[in-house]
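Reviewing the structure listed below.
The values are calculated or read from the model by the stated rules, or taken from the named source; none is laboratory data. If you're wondering where the values come from, they're calculated on a predicted model, not measured in any experiment. Here the Cβ positions follow ideal geometry from the backbone for every residue, glycine too, while neighbour counts run over all protein chains shown.
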Amino acid sequence: MRTRPDFVKKYVNYGGSIRAAQYIVLAAKARALSRHRYHVTYDDVTSLATPVLRHRILLNFHAESERVDADEILRRLIEHMAASEGVLMLQRFLDPGVLASISSLDLLAKTVVDGFVAGLHRSPDFGFSSEFAE
């Protein structure tokens, strides 16, 4: 498990919740689609992290007394994450060339969508519906 950077320990009382992460993912998907892409890139996530998390983190007295705002904390946090090895590996896997080389991606997406469109528990019977009394 990754530990928090020292500046986060010093200035932040409460961070973003799981819902914040979900909204970053949704916003990144929308940004990718608005740029005519079907895949989310690292830039999509990092460009939207600050606007989504800005009002979700609660700073403490140290931050207010030193006039450090949420944007500064988030900028430093994104830089810290970019410097770590895990994000460099993540960038490699989110590369569009790597995603395009996965041949079964369309099949998996079709299976997932087909499951939700037709229902998760598809009936073996086709044709007219049968009544409960039958």
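Listed values, structure above:
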read-out: Any hit, the range 34-42, residues being assigned to a helix (DSSP H, G or I), modelled with pLDDT of 90 or more and under 19 Å from the mean Cα position of the chain (by Cα); value: yes
read-out: Candidates 8, 113 - the one that is out of contact with any helix residue (DSSP H, G or I) (no Cβ under 6 Å at 6 or more places or on another chain) and modelled with pLDDT under 85; value: 113
read-out: Where a residue in the range 4-21 is exposed (fewer than 12 other Cβ atoms within 10 Å of the Cβ) and its partner, wherever it lies, is assigned to a loop (DSSP other than H, G, I, E, B) and of a type in the set (A, V, I, L, M), with Cβ under 8 Å and at least six apart; value: 14/57
read-out: Residues that are loosely packed, with under 12 Cβ neighbours inside 10 Å, at pLDDT 65 or above and part of a helix (DSSP H, G or I), drawn from the range 58-95; value: 61, 64, 65, 79, 83
read-out: Residue within the range 22-45 that is in contact with a helix residue (DSSP H, G or I) (Cβ under 7 Å, 6 or more places away or on another chain) and within 17 Å of residue 5 (Cβ to Cβ) present; value: no
